[in-house]
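Values quoted throughout were computed directly from the atomic coordinates according to the rules given, and no laboratory measurement underlies them. Just so you know, these numbers come straight off a predicted model, no measurement behind them. Cβ coordinates were reconstructed from backbone atoms using ideal geometry, including for glycine residues, and neighbour counts include every protein chain displayed.
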Amino acid sequence: MAKGYIRGREAAGVHETHHHVMPLRTYIGVFGALLVLTVLTVLVSEADLGSAALPVAMVVATIKAGFVIGFFMHLKYDTRFHSFVFFGTLLFVGIFFLITFLDINTRGMITKEWGNTAWVLDHGVNVPPEPVPHEGEAHEGGDAAAHEAAEAKPADEAKPAADEAKPAADEAKPAADEAKPAADEAAPAADEAKPAADEAAPAADEAAPAEEAKPADEAAPEGEGAP
Amino acid sequence: MSTAVDAGQHAEAGHSHEAHPSYLQHHFDNPQQQEGAAKLGMWLFLATELLMFSGLFLAYFYMRSQYPDMVQEYHEHLNKWLGGLNTVFLITSSFTMAMAVRAAQIGKPRQSASMLLITIVFAIGFMVVKYFEYSAKIEHGLLPGDLFAEHVAGGVQSGWYGGPQLFFGIYFLMTGLHGLHVVIGIGLLFWIYLKTKRGAFSGNYYTPVENVGLYWHLVDLIWIFLFPLLYLVK
């Protein structure tokens, strides 16, 4: 009969099971510790710990998890290979978290320092100038009032269009950051155009079908330019 | 010839009698090998469970890092006392589960069965509390995505990014998946309870009890992290 190995050592006999029966008071002790730690987390959350609250809560939860895994799940007395499976999994969870947060935490840096480079790579060297909103312009009264009712509708349509451009801009990653403010400005620009002359209407209409970041981008200066 | 038959019969008898008790599947050499394989399989399954939940935990931490104020504000809508009560329920059920496994280990199926029954009662208690929590959330319109406040405030503003519906999306996804595990756990516990009642387990063979126990402890383990993160975050 094959020899049995338990935790790296040869077992006295394979029919002698390696079942480790823990004494009752160990279980009761662990149970008590878990209850005490639960009360502790709730009490700690009442105290205002500021930024230390999350780490403290996580440490307490990890201690509780350690009790459950080590004693209730018998990992402390189990085959080492089960520990390997478990902690190996945790290692990969750690890698998953680490790389994701490395990405998230360095994204701002990339857009600030290399944002323009990315734009040039995608769109050529002609970086469009920052659109400057013209305030107080395009209020000429007179026939503008007559057009107001007619203009109100397309101008309203331009707004959701600009909103639609936002998620689309997310897809066009490098351009996204450039496009967002522009798309946002498209809406007020269209509003300004409201009392303005007929020319504003085609501009607002152009903003409406905007499905990508780029057309929305282009619509912005046009909507503004309409006097 | 007769000796050969004798030898054959002897081998047969020895095979079925000693090495192959009724609970031992024919493709295993001995009960220890069978138990080792079953438990390793269970641990691998638990590993995949951890990986699945880790994605949700990552989503939670990402939301927290992006919208700390929103999470701060809206976690107040969760009842930390109900969450705490549920934590106590799950820890207690985890304890009684461990006691059920221990009773099975030392060959006391009657005690094991009653411990399993107590475990089931606490698990159902958890789901009852969950029901009250969920119905309160639904009543107040604290729901994920477009469902948020739909019947309370007449729907959300479109393009409202990083709003509370995100928090409740994560809340319902995490506690919902966990709750699904609790429901499945209740089914498994009941199955094990019936088998124990029928006398399927002994001090030599109780692997299913142990593996369901491992599953149940994992459910408890995940809640141990969910509770402070969702209910107590500051």
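Expressed as cubic angstrom per residue, what is the convex hull volume of the alpha carbon set of segment A:39-102? Don't skip to the end; give the middle numbers.
Numbers: hull volume 5.4 nm³, N = 64.
Each residue corresponds to 85 Å³ of Cα convex hull volume.
The angle between the Cα long axis of helix B:109-139 and the longest principal axis of the Cα atoms of chain B comes to about 20 degrees, rounded to the nearest 10.
Sorted from fewest to most neighbouring beta carbons within 10 Å, what does the list B:Ser54, A:Ser51 look like? Show your work: numbers first, answer last.
Numbers: B:Ser54 17, A:Ser51 8.
Going from least to most buried by this count: A:Ser51, B:Ser54.
Each of B:Tyr67, B:Tyr161 was scored by other Cβ atoms within 10 Å of its Cβ. Arranged with the fewest first, they read B:Tyr161, B:Tyr67. Taking Lys and Arg as +1 and Asp and Glu as -1, the other residues whose beta-carbon sits under 13 Å from that of A:Val30 total +3.
About the Cα centre, and with charges only on the beta carbon of Lys, Arg (+1) and Asp, Glu (-1), how big is the dipole of segment B:31-231? Nearest 20 debye, please. The partial results should precede the final answer.
Details: 11 positive and 11 negative charges, 210 e Å.
It comes to approximately 1020 debye.
What the phi angles of segment B:23-34 give under the Karplus curve with 6.51, -1.76 and 1.60, with θ = phi - 60°, is a coupling list of 7, 8, 5, 5, 8, 10, 6, 8, x, 5, 5, 4 Hz, glycine and proline written as x. Put simply, the amide H of B:Asn30, placed in the peptide plane, has no neighbours under 5 Å, leaving out anything fewer than 5 places away on its chain.
Tell me what chain B gives for mean residue ellipticity at 222 nm when only DSSP H runs of n ≥ 4 count, each as -39,500 (n - 2.57), the sum divided by the residue total, rounded to 500 deg cm²/dmol.
Values: 8 runs with 171 residues, N = 234.
Per the formula, -25500 deg cm²/dmol.
Across every direction, the projection of the convex hull enclosing the Cα atoms of segment B:31-231 has a mean area of 11.6 nm².
Taking amide H atoms as placed 1.01 Å from N in the peptide plane, the amide H of B:Leu142 lies under 5 Å from those of B:Ala149, each 5 or more residues away in sequence or on another chain. Per-residue 3J(HN,Hα) values for segment B:222-234, derived from phi via the Karplus relation 6.51 cos²θ - 1.76 cosθ + 1.60 with θ = phi - 60°, read 5, 5, 4, 8, 5, 4, x, 5, 8, 8, 10, 3, 10 Hz in sequence order (x marks Gly and Pro).
For A:Ser51, what charge total do you get from the other residues with a beta carbon under 15 Å from its beta carbon, if Lys and Arg give +1 and Asp and Glu give -1? Before the final figure, lay out each step's value.
Working: positive: B:Arg64, B:Lys234; negative: A:Asp48, B:Asp69.
Value of the local net charge: 0.
Listed from fewest to most Cβ neighbours within 10 Å, the set B:Trp191, B:Trp216, B:Trp223 follows the order B:Trp191, B:Trp223, B:Trp216. The 3J(HN,Hα) values that the Karplus relation (6.51, -1.76, 1.60; θ = phi - 60°) gives for segment A:22-30 are, in residue order, 7, x, 4, 5, 4, 4, 5, x, 5 Hz. Gly and Pro appear as x. Computed from Cα atoms, the angle from the helix B:2-14 axis to the main principal axis of chain B rounds to 30 degrees.
How charged is the neighbourhood of A:Gly70? Take every other residue with its Cβ under 12 Å from the Cβ of A:Gly70, and add Lys/Arg as +1 and Asp/Glu as -1. That sum, taken over residues with Cβ under 12 Å, equals +1. Shown is the FRET efficiency for B:Arg198 and A:Phe97, computed with R0 = 35 Å from the Cβ-Cβ distance and rounded to the nearest 0.05: 0.20.
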